[in-house]
Amino acid sequence: MDFITENLLTILILLPAFGAISVLGHQMFWKKDEQAKWVTLFWVILNFVLSLLLLGSHAVSASGFSFEKNIPWIKAINTNYHVGVDGLSIWLVILTTFIMPIAVLSTWHAVEKRHTAFYVFLLLLESAMLGVFTSLDLLVFYLFFEASLVPMFFLIGIWGGENRIYAAVKFFIFTALGSLLMLVAIIALYYLQASATGVGSFDYVVLLNSMQAGKLVLAGGTGALLFLAFALAFSIKVPLFPFHTWLPDAHTEAPTAGSVILAAVLLKMGTYGIMRFCFTLFPEASHEWAWLFIILAIIGIIYGALVAMVQPDIKRLVAYSSVAHMGFVVLGMFSFTEYGMQGALYQMLNHGVSTGALFLLVGFIYERRHTRAITEYGGLASVMPVYTAIFIFTTMSSIGLPFLNGFVGEFLTMVGMWQSTAVSHPWVATMFAGTGVIFAAVYLLWMVQRVFFGKVTNPKNKKLSDLNWRELGLIAPLLFLMIFMGVYPSPFLNRSKESVVAIEERLNKRAGGTIEKVEAKTQTHESGH
Amino acid sequence: MNTILLQNLVTPNVSLQAVLPEMIVAFTGIIVMIYDSFMPKQRMVTGALSLIGLAASAFALFSMWGEAPASSWNGMIANDGLRMSFTLVFLFVSAMTILISTVWTERENVPIGEYHALLLFATFGMMFMAAGNDMVIIFLGLETLSIATYVMAGLRKSDLKSNESAMKYFILGSFASAFLLYGMALIYGATASTNITQIASMVGKANFPALLLIGGAMLIIGFGFKVATVPFHVWTPDVYEGAPTPVTGFMAAGPKASAFASFLRVFVIGFPLVSGAQASAFLHESWVTALTVMAILTMTVGNISAIVQNNVKRMLAYSSISHAGYAMVGFIGAGVAKTMQDRDEAIAAVAFYMLTYAVTNLGAFAIVTLIAQKNDRRTEFDDYNGIGFKSPVLAFSLSLFMLSLLGLPLTAGFMGKVLVFRPALEAGSTLLTVMVVIAVVNTAISAYYYLRLIVVMFFRERTTSWLEPKVSGALAAVLIITILGVFYFGIFSDNVIEKFSGKPSVQSAQIK
């Protein structure tokens, strides 16, 4: 047991990869392609159970991380395998391990060909995602960040819809371009650290300490460039307007499990990266450029909602709603207040749960009818009452109805933004964000109305079967979380509070003289806006 | 009187031990040639002999690795990190090429003994290019290599494309050699020496700085041709496409690396920045700027041209051009390094890059050779349609090599890129930083055509019949070695980098 808790994060990262090998071995020796899902399910559930151990108490290091492990990897360039979790990443890790069994179960009958390969990629993806949320060495972080592309590329490309090749290649190149620029920034940071202290480092904690001790000082221009390189990589991943164009394609073409993982976890890598690395490593630059990100986030919220409204395809509609929701998350983060950032973090989890559930539900109906066009449906309420009820419930959670999870996150985000001093007129931003909530209600409810209410117009829909036990079992934990996170958010928020406050302090302590100047600058930007 | 004469007389510093690895390869080549003339067409025997020779040479090389950096043969042969690490790359490339060629020599009627002998002579030439600390030695090595490869490119005598390839390579190659030689002559005129160490000490006080500049420019043209940098790259696609596939793999990995080795030695070590000497500062700045522009062009043109190719060999040819561009980033980093140690590390980074490229590229070419079938018929992208799940092992291996060429983490290509970008960023100059940014943008562009092969193999369905090629023992060995190599250099690169940069260059050892 000690061994497990000592190396918990490493086990969590490597277990799925090991599972992938076992799935391959299973296929090689038994040649039962179809059974791969059982082997996979075993590993992902085991990983989820193990990840719950993170919630237990464990010594917290001086840098604020627990379950830390720091082993030298490539000495020539002083890079270490350094992992650890804090309040910021712990929920994202658990979200990942939690979503995986659901994703696997969602594909129980949906995968029609090459099962083994499908599950191998799924498991490799889990390893990469967990690596991203736990690594504290920038080079190792980059490694996992980039490695997560490959399995997803194959998942979309082999098991995707008609336009899958275009979507897969676009997804890969967009995200790769952003992250490669981040790699340059990471190496540059290494040398800045080397010239400041004599020893270069990729270690996040080392870099942070060196900055806090005033040794590593990023002069205005350099800091801004590095910040932008990091932020670009993450903005593409989030995706922030105008880098969002890969998302609707990838989401629409991906198989259900792919969409669920993409929405629930992959997008969070972007927002997580901004909060973890951009804010703490480049606080001045974050302040300086906050106005840009706030404006882009607001555009994303409104643009995403408007475009979602006119989508004829349900899955594409949900994909655009993701753009809007992630805009909310970015907005909350860049408020630089505790409430705003807590709200953003909470909203990240909410989005994972609600949008993940929406993609699942779309997947269910797609398996029955093999179409996602809204016009093909209508009046499903009378044919599939349980499905309808669950769908509407999930929609409410996505819209942010009080007592459901979405409300807590959006409320905190807006409160945070209202108090924010990051820009001169935060209430304007808050107001625009508020309209986004209304728009969200419009496009989702309108879609619900067209799909579920009225008379059954399409004869093909008359004999659709309602949800079966497997599907109900899949969606039930998500529904439970929507209510639980809506009425009792404190366990989540309490666990993350310390880390978020630390980031917030780091952002604002540095303030002093520099921030005043920056504010004056942003005012001019805002007034011009 | 007598004593003065004796003092002026330079005692030849003959140390056969200093060139033992080279000698072993040369003798093996001669033995293979003689054996073949008495008992022709015994590919197993000549192949095995060659492999044994290469292994023995590698053994000799490793035993020399621990020795202190020095030069022998009156300063003509260097025994330093640059030579050691690059020579290791050459030996590896040759051994892999012999194994890959088994497939091809079996199904086509190739004079096999001669092929093995030529390959060994080419290797010998490459080794001298890396070992030569004197421009004359470098030129000798280069010519030995070139003549052998001209013949190898045209080995498929009945094939028009192969003939065209050999002819083009020969004519343009000779032209480039002439430039190189003329450049060397001019440098000699300015510094009164062909020895790199002496040139380095003379650049600051050269009599005719203009001669240095013109000579340097000539050398850039000559080496630029051999390395295939834009704008001296035009021969590459035709020659690579026409040459037999294993030879193409060899040319992209071996001779390119050897040209880099002497290019590095002549410019980084021979034309350093001597403080307080205006002529050397001007020369240094000129070549760094010229090479930076060339690196940027090479990466960009190579990548953009690769995108539109429909032939896999041609695509790999253009990809090899762009990789020369990435390697040059490290080269320039070595050129602007502030300390001797940084410079040696940057040189080691370029050598490591060539090693990772060789491992990946040879793996890819092994599979391309296998799929190409007789007469290199199947080398179009369409021939790879939908083979992903029909020959999963081959297809996934090829995908791995593509991802490594692309530079994805955990593969050799990633570590190679990180290491060559590092020294250029360390310099902190705007121009070099811009170059690195362009390099990564190019990497993203290159994703398109590397992924295309994966897309074709896995995301499309096959419409025509597919005969799974038989993987012979030799080829299986190549695949296992290269796949393990890709992961080893990607994950456990620490040992290799340490080994490569552990031995400084002769010059920095002297300063210490």
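Counting only Cα atoms, the size of chain B along its three principal axes is 83, 58, 41 Å, in decreasing order. Students often forget the sequence filter, so: which aspartates and glutamates lie under 17 Å Cα-Cα from A:Lys509 once same-chain residues fewer than 8 apart are removed? List returned: A:Glu284, A:Glu288, A:Glu338, A:Glu498, A:Glu519. Given R0 = 56 Å, the distance between the Cβ atoms of A:Ile438 and A:Ser195 translates into a calculated FRET efficiency of 0.60. If you plug the beta carbon distance of A:Ala502 and B:Glu285 into 1/(1 + (r/R0)^6) with R0 = 60 Å, you get a FRET efficiency near 0.80. The long axis of helix B:412-426 is offset from the longest Cα principal axis of chain B by roughly 30 degrees. Label positions at B:Phe175 and B:Ser275, each projected 7 Å from the Cα along the C-beta direction, are separated by 4.4 nm. Within the straight-line cut-off of under 18 Å between alpha carbons, the lysines reachable from A:Lys237 are A:Lys170, A:Lys268, sequence neighbours fewer than 8 places apart in one chain being disregarded. In chain A, helices alone account for a calculated mean residue ellipticity at 222 nm of -24500 deg cm²/dmol, with every DSSP H run of four or more residues adding -39,500 (n - 2.57). Under a model in which nothing but the beta-carbon of Lys, Arg (+1) and Asp, Glu (-1) is charged, chain A shows a dipole of about 1120 debye around its Cα centre.
What's the exposure ranking of B:Tyr353, A:Tyr377, going from fewest to most Cβ atoms within 10 Å? Intermediate values should be presented prior to the final figure.
On the way: B:Tyr353 29, A:Tyr377 24.
By the 10 Å Cβ count, ascending, the order reads A:Tyr377, B:Tyr353.
Coupling constants for segment A:303-312 follow from the phi torsions by the Karplus curve (6.51 cos²θ - 1.76 cosθ + 1.60, θ = phi - 60°), and in residue order they are 5, x, 5, 5, 5, 4, 4, 9, 6, x Hz; glycine and proline get x.
Taking the C-alpha atoms only, the angle from helix B:245-264 to the longest principal axis of chain B is near 20 degrees. Each principal axis of the Cα cloud of chain A was taken in turn, and the coordinate range along them, longest first, works out to 71, 60, 42 Å.
Name all residues of segment B:396-425 having a backbone nitrogen under 11 Å from the label point set 7 Å from the Cα of B:Thr433 along its Cα→Cβ direction, giving them as ranges. Backbone N within reach: B:425.
Annotation for segment B:257-314 versus segment B:433-512: alpha-carbon center distance of 21 Å. As a length-normalised measure over Cα pairs under 8 Å and 6 or more apart, the relative contact order of chain A settles at 14 percent.
How large is Rg over Rh for segment A:362-516, taking Rg from the Cα atoms and Rh as the Kirkwood inverse mean of 1/r across Cα pairs?
Details: Rg = 20.8 Å, Rh = 18.5 Å.
Value, to two decimals: 1.12.
Just to confirm the number: angle between the C-alpha axis of helix B:20-38 and the first principal axis of chain B, 0 to 90 degrees, nearest 10? The answer is roughly 50 degrees. Computed from phi, the 3J(HN,Hα) profile of segment A:366-380 under the Karplus parametrisation 6.51, -1.76, 1.60 (θ = phi - 60°) reads 5, 4, 7, 10, 6, 8, 10, 6, 4, 5, 6, 9, x, x, 5 Hz, with x in place of Gly and Pro.
Give me a single rounded figure for A:182-191: the average over its residues of other chain Cβ atoms within 10 Å of their Cβ.
On the way: counts 1, 9, 8, 2, 1, 8, 7, 1, 4, 6.
Mean shielding by partner chains, rounded to a whole number: 5.
Look at where the Cα atoms of segment A:396-414 and of segment B:62-112 average out, and the two centres are 66 Å apart. The H on the amide N of A:Trp73, modeled in the peptide plane, is under 5 Å from the matching H of A:Thr79, A:Asn80, A:Tyr81, each at least 5 residues off or on a different chain.
Using a ≥ b ≥ c from the Cα gyration tensor of segment B:312-360 (square roots of the eigenvalues), is it rounded, prolate or oblate, where a/c under 1.5 gives rounded and otherwise the larger of a/b and b/c decides, a/b for prolate? Since a/c reaches 1.5 but b/c is at least a/b, the shape of segment B:312-360 is classed as oblate.
By how many nm would the segment from B:Glu108 to B:Leu467 grow when fully extended, if each residue of separation counts as 0.36 nm and the alpha-carbon distance is taken off? Each step should come with its number before you reach the end.
Details: separation 359, 0.36 × 359 = 129.24 nm, distance 1.85 nm.
Between B:Glu108 and B:Leu467, full extension yields an extra 127.4 nm.
For segment B:61-72, 3J(HN,Hα) computed residue by residue from phi via the Karplus equation (6.51, -1.76, 1.60; θ = phi - 60°) reads 5, 5, 5, 7, 4, x, 5, 5, x, 7, 10, 10 Hz, glycine and proline entered as x. Kirkwood-type hydrodynamic radius, the protein assembly as shown: 30.6 Å, calculated from all non-identical alpha-carbon pairs.
In plain terms, the residue of B:Met294, B:Met251 with the fewest other Cβ atoms within 10 Å comes first and the most crowded comes last, giving B:Met294, B:Met251. With 18 Å as the limit on Cα-Cα distance, the pairs of A:Lys75/B:Lys499; B:Lys157/B:Lys470; A:Lys315/A:Lys460; A:Lys37/A:Lys113; B:Lys256/B:Lys313 that go past it are B:Lys157/B:Lys470; A:Lys315/A:Lys460.
The numbers here are math on the coordinates, done by the rules we state, and not lab data. Small disclaimer: the values here were computed from a predicted structure and weren't measured. Cβ: placed from backbone, ideal geometry, glycine included. Neighbour counts: every protein chain shown.
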